[in-house]
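Asker: There's a structure below that I have some questions on.
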Amino acid sequence: MEYGSTVHDIVRVVEAVGAGIMILGGLGAFIVFLVRVATPEGRPGSYPELRANLGHSILLGLEVLIIADIVDTIVVDPTLQNVGALAVIVLIRIVLSFSIDAEVDGMWPWNAWRQSKVEPDVRAPRA
């Protein structure tokens, strides 16, 4: 068996794992959603949780697919045309990841520190 063929087969497995993460994660998110909406006390907040769970599944799946694309391009067929195509694919997936992350968290990733920032204690000092 040839080295390139072996790596190409491994890349296909990694791509299948990435797709599986998105599919199984999406199904799991819908199952959790259906269980929550089945009870009246679980309904509030169930839709935002569904969106967040779907977003996290898609983000993780995209990260795994990026790994597969990088390995496939760099190891199997490192031509200038393939590297350019990889750059476009990675750029598109990064934009998707940022937009999904912003949709899930309600803010851009680089602004997350503002929400977690602890407000200073502005009370008068103790005597």
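The values are calculated or read from the model by the stated rules, or taken from the named source; none is laboratory data. The structure displayed is predicted, hence computed values, not measured ones. In this analysis, Cβ positions are derived from the backbone assuming ideal geometry, glycine residues included, and neighbour counts consider all displayed protein chains.
Asker: Pick out the one residue from 45, 4 that is modelled with pLDDT under 90, more than 20 Å from the chain's Cα centre (by Cα) and under 29 Å from residue 107 (Cβ atoms).
Answerer: Going through 45, 4 in turn, the sole match is 45.
Asker: Still on this structure, please answer the following. Go through region 18-36 and report how many residues are surrounded by 15 or more Cβ atoms within 10 Å (Cβ to Cβ) and not aromatic (Phe, Trp, Tyr).
Answerer: Count: 8.
Asker: Sticking with this structure for a sec: Starting from region 41-55, take each residue that is under 19 Å from residue 25 (Cβ atoms) and list its partners that are modelled with pLDDT under 90, counting only C-beta distances under 7 angstrom and pairs at least six apart or across chains.
Answerer: Note: pairs meeting the criteria are 51/104; 52/104; 55/100; 55/103; 55/104.
Asker: Based on this model, can you work out whether residue 17 counts as in a helix (DSSP H, G or I), in contact with a helix residue (DSSP H, G or I) (Cβ under 9 Å, 6 or more places away or on another chain) and within 18 Å of residue 97 (Cβ to Cβ)?
Answerer: So residue 17 fits the description; yes.
Asker: So, of the residues in region 55-77 that are of a type in the set (D, E, K, R) and surrounded by fewer than 19 Cβ atoms within 10 Å (Cβ to Cβ), which turns out to be farthest from the chain's Cα centre (by Cα)?
Answerer: 77
Asker: Go through 61, 84 for me and flag whichever is at pLDDT 90 or above and in a helix (DSSP H, G or I).
Answerer: 61
Asker: Right, next: Tell me which residues, restricted to region 37-54, are loosely packed, with under 11 Cβ neighbours inside 10 Å and among the hydrophobic types (A, V, I, L, M, F, W, C).
Answerer: The one that is loosely packed, with under 11 Cβ neighbours inside 10 Å and among the hydrophobic types (A, V, I, L, M, F, W, C): 38.
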